[in-house]
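**Q** Questions regarding the structure given below will be posed in turn.
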Amino acid sequence: MKRIVELTINGEPRDMAVETCRSLLDALRDDVGLTGTKKGCDVGDCGACTVLVDGEPVNACLMLAVEAEGRSVETIEGLQPGVDTLHPLQDAFMRHGASQCGFCTPGILMMAKKLLDDNPRPTDEDIRFGLSGNICRCTGYTKIFDAIKSAAREMEAARS
Amino acid sequence: MRRFEYHRAETLEEASRLLTDLGDDSFLFAGGTDLLVEIRERLRRVRNVIDVKQIPGLSDITYDETRGLTFGALVTVGRLERLPLVRQRYPNLRAAFASLGSIQVRNRATVVGNICRASPSADTIPPLIADGAFVHIYSRTNMRVIPLAEFFTGPGKSVLAKGEIVTGITVPPAGDNTGKAYIKHGRRKAMELSTVGVAVSLTMEDGVCNDIRIALGAVGATVLRAPEAEAMLRGTTLDAVTVKSAADKAMEECTPISNVRASADYRRDMVGVLTGRAIKQALEAFA
Ligand SMILES: Cc1cc2nc3c(=O)[nH]c(=O)nc-3n(C[C@@H](O)[C@@H](O)[C@H](O)COP(=O)(O)OP(=O)(O)OC[C@H]3O[C@@H](n4cnc5c(N)ncnc54)[C@H](O)[C@@H]3O)c2cc1C
Ligand code: FES
Ligand code: FES
């Protein structure tokens, strides 16, 4: 059975007609065409599908699209503040080489955005705890940590 | 993804009626972190899910010094984990909550769902049993409140009859003379199911332990108490020698199996080590 789901995606009101057993992840990728959010495992283990729903990070693979009715969903496509401007985290990830194959990157960026919004000066331990649901098979995490800490400093400097 | 029908219940009565009317292979749907995984991995045949998240009154958290902590079936692990009261008064629950899956999972997973899945390795169960928690159960004819320790009948099985719904959990108040701990033991620090989980909740008066409950996770068909070990500890000062022999007794009282995560022998050894360690940690509240 299909239902019309009204929601906000990256600040814009949208409606999507979805099968009620469809995951939010599949709906975003296949029905809405936002393929930035990745599917690594489809069972909550890898974090590649992380999106923010009403500001809280969740695994889009473990949520049904119909549950997003009336909610605000932020995906990686909404992270950039403007067409030609990057979010400081995106910029830092590029400069530090924190992305290799890139499959984990959208999920990690969404998680890192939430982390820095709540905690502008995270310690290594805070980052480790915050990212424990995001797996990266390529980088060994060191450069991801460097990039997050560097973005944190730049965001702090920009505020003061 | 295997297909299933989605229903949204607005009241407990409607959810309960749907559960009975839709027949077998129909399940309540809360955070979906077990249900959706089991559907994808074809571990459970599901034809209907009944979303309970629109039912009013199931999202409250209350605390008072006589009744204790009560939370509804829709309260997520993440919400409780972040609650200052839980950090301050229930360090055992806090340890269990913070160790369950990832932040993303905890934002969706409910504690009640963790209990209703009735896995012997579920992290929230041992500390809730050690604290003497109660389960509130709705049915269309009769509401009941039972001790959590009597809720489980086997792996994945509980006393819930068809059409019954858990509405919430009450944890007795955390008095000043109580000490609590939960230690989860896995192969790595995060995103890991328990190989063994040990919870201890105790009360001390004038240096003597007048009550203690030990709950052991992932070493039996359900989370187990260790009644003989507890009896050896009651009325003592919890000196090292008594704690050591009680920990040895707990090893005899558990009934672990071998699986991909660990052998039965290893699990039994860890019950001994962690019981001693959890008692020590619970006593730190009095230091
Ligand atoms: C990646 C990942 C990591 C995880 N790590 C851990 C871990 O470390 N430790 C751990 O213990 N668990 C872990 N889990 C499982 C944990 O998330 C679940 O057990 C969760 O707590 C279940 O709650 P839910 O709201 O998601 O339940 P659902 O999946 O919605 O439901 C679970 C079961 O409970 C039933 N149910 C739900 N609500 C009620 C109710 N009110 N009354 C009666 N029955 C009900 C459902 O019908 C279903 O059978 C993990 C899961 C994932 C995906
Ligand atoms: S795709 Fe959702 S967690 Fe892996
Ligand atoms: S960059 Fe390849 S998985 Fe992280």
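**Q** State all residues of segment B:186-204 that are at pLDDT below 95 and either surrounded by fewer than 17 Cβ atoms within 10 Å (Cβ to Cβ) or not hydroxyl-bearing (Ser, Thr, Tyr) (or both); if no residue qualifies, say none. Outline the logic, then answer.
**A** Taking segment B:186-204 as the starting set, the residues that turn out to be at pLDDT below 95 are B:186-195.
Result: B:GLY186, B:ARG187, B:ARG188, B:LYS189, B:ALA190, B:MET191, B:GLU192, B:LEU193.
**Q** Also: Looking at (1) more than 9 Å from ligand 2 (Cβ to nearest atom); (2) closer than 29 Å to B:GLN54 by Cβ; (3) touching a helix residue (DSSP H, G or I) at 6+ places or on another chain (Cβ under 7 Å), which is the one condition that is false for A:THR35?
**A** Of the numbered conditions (1) more than 9 Å from ligand 2 (Cβ to nearest atom); (2) closer than 29 Å to B:GLN54 by Cβ; (3) touching a helix residue (DSSP H, G or I) at 6+ places or on another chain (Cβ under 7 Å), the odd one out for A:THR35 is (2).
**Q** Considering only segment B:109-126, how many residues are more than 6 Å from ligand 1 (Cβ to nearest atom) and open to solvent by 10 Å² or more (accessible area, probe 1.4 Å)?
**A** So the answer is 3.
Results for (1) open to solvent by less than 30 Å² (accessible area, probe 1.4 Å); (2) near ligand 1 (Cβ under 9 Å from one of its atoms); (3) under 21 Å from B:VAL271 (Cα atoms), shown as yes or no for each residue.
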{"site": "B:LEU128", "(1), (2), (3)": "yes, no, yes"}
{"site": "B:ALA149", "(1), (2), (3)": "no, no, yes"}
{"site": "B:GLY154", "(1), (2), (3)": "yes, no, yes"}
{"site": "B:VAL159", "(1), (2), (3)": "no, no, no"}
{"site": "B:VAL166", "(1), (2), (3)": "yes, yes, no"}
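**Q** Any idea which of (1) surrounded by fewer than 18 Cβ atoms within 10 Å (Cβ to Cβ); (2) away from every other protein chain (no Cβ under 13 Å); (3) modelled with pLDDT of 95 or more is the one A:HIS96 doesn't satisfy?
**A** Just one mismatch for A:HIS96, condition (1).
**Q** If you don't mind, another one. Looking only at residues in segment A:87-109 that are in contact with a Leu (Cβ under 6 Å, 6 or more places away or on another chain) and part of a helix (DSSP H, G or I), which one is farthest from ligand 2 (Cβ to nearest atom)? Let's see the steps before the verdict.
**A** Keep residues of segment A:87-109 that are in contact with a Leu (Cβ under 6 Å, 6 or more places away or on another chain), which gives A:87, A:89, A:109.
Pick out the ones that are also part of a helix (DSSP H, G or I) and you get A:89, A:109.
On the way: A:LEU89: 20, A:LEU109: 15 Å.
Taking the candidates together, the pick is A:LEU89.
**Q** Which residues, counting only those in segment A:102-139, are away from ligand 1 (no atom under 16 Å from the Cβ) and either over 19 Å from B:SER102 (Cα atoms) or among the aromatic types (Phe, Trp, Tyr) (or both)?
**A** Correct list: A:GLY102, A:PHE103, A:PRO120, A:ARG121, A:CYS138, A:THR139.
**Q** Then there is this: Considering each residue of segment A:58-69, count those that are buried (at least 23 other Cβ atoms within 10 Å of the Cβ), touching a residue at least 60 places away in the same chain (Cβ under 8 Å) and not in a helix (DSSP H, G or I), and give that number.
**A** Residues flagged as buried (at least 23 other Cβ atoms within 10 Å of the Cβ), touching a residue at least 60 places away in the same chain (Cβ under 8 Å) and not in a helix (DSSP H, G or I) within segment A:58-69 amount to 1.
**Q** Let me ask something additional. Can you list residue pairs whose Cβ atoms sit under 8 Å apart, with the first residue in segment A:6-33 being closer than 24 Å to B:ASN48 by Cβ and within 12 Å of chain B (Cβ to nearest Cβ) and the second being open to solvent by 10 Å² or more (accessible area, probe 1.4 Å) and of a type in the set (Asp, Glu)? Count only pairs 6 or more apart in sequence or on different chains.
**A** A:VAL18/A:ASP31; A:THR20/B:GLU5; A:CYS21/B:GLU5; A:ARG22/A:ASP31; A:SER23/A:ASP42; A:LEU24/A:GLU67; A:LEU25/A:ASP42
**Q** Restrict the check to segment B:4-27 and report whether at least one residue is near ligand 1 (Cβ under 9 Å from one of its atoms), in a loop (DSSP other than H, G, I, E, B) and touching a residue at least 40 places away in the same chain (Cβ under 8 Å).
**A** No, because not a single residue in segment B:4-27 is near ligand 1 (Cβ under 9 Å from one of its atoms), in a loop (DSSP other than H, G, I, E, B) and touching a residue at least 40 places away in the same chain (Cβ under 8 Å).
**Q** Also, I was wondering about something else. Among the residues of segment A:9-33 satisfying the criterion of being closer than 25 Å to A:SER132 by Cα and aliphatic (A, V, I, L, M), which is surrounded by the fewest Cβ atoms within 10 Å (Cβ to Cβ)?
**A** Here the residue is A:LEU25.
**Q** Oh, and also: Given the criterion hydrophobic (A, V, I, L, M, F, W, C), in contact with a Pro (Cβ under 6 Å, 6 or more places away or on another chain) and closer than 16 Å to B:HIS185 by Cβ, identify the matching residue among B:ALA278, B:ALA264, B:ALA250.
**A** Working: B:ALA278 fails: in contact with a Pro (Cβ under 6 Å, 6 or more places away or on another chain); B:ALA250 fails: in contact with a Pro (Cβ under 6 Å, 6 or more places away or on another chain).
Result of the check over B:ALA278, B:ALA264, B:ALA250: B:ALA264.
**Q** Search segment A:43-57 for residues being surrounded by fewer than 21 Cβ atoms within 10 Å (Cβ to Cβ) and in a loop (DSSP other than H, G, I, E, B), and hand back the single one that is nearest to the other protein chains (Cβ to nearest Cβ).
**A** A:VAL43
**Q** Taking the conditions exactly as written (crowded, with 20+ Cβ neighbours inside 10 Å, closer than 30 Å to A:ASP30 by Cβ and of a type outside the set (Asp, Glu)), does B:VAL75 satisfy them or not?
**A** On the way: crowded, with 20+ Cβ neighbours inside 10 Å: yes; closer than 30 Å to A:ASP30 by Cβ: no; of a type outside the set (Asp, Glu): yes.
Against the criterion (crowded, with 20+ Cβ neighbours inside 10 Å, closer than 30 Å to A:ASP30 by Cβ and of a type outside the set (Asp, Glu)), B:VAL75 does not qualify.
**Q** Turning to a different aspect of this structure: Could you please give the count of residues in segment B:222-236 that are outside any helix (DSSP H, G or I) and either at negative phi or touching a helix residue (DSSP H, G or I) at 6+ places or on another chain (Cβ under 8 Å) (or both)?
**A** In the first step, residues of segment B:222-236 are kept if they are outside any helix (DSSP H, G or I); the result is B:222-226, B:234-236.
Remaining after also requiring either at negative phi or touching a helix residue (DSSP H, G or I) at 6+ places or on another chain (Cβ under 8 Å) (or both): B:222-226, B:234, B:236.
So the count comes out to 7.
The values are calculated or read from the model by the stated rules, or taken from the named source; none is laboratory data. Just so it is clear, the model here is predicted, and its values are computed rather than measured. Note that each Cβ is placed from the backbone with ideal geometry, even for glycine, and that neighbours are counted across all protein chains shown. The protein model used for the area step is the full one, side chains on, heavy atoms only, and it has no ligands, DNA or RNA in it. Shrake-Rupley method; radii C 1.70, N 1.55, O 1.52, S 1.80 Å.
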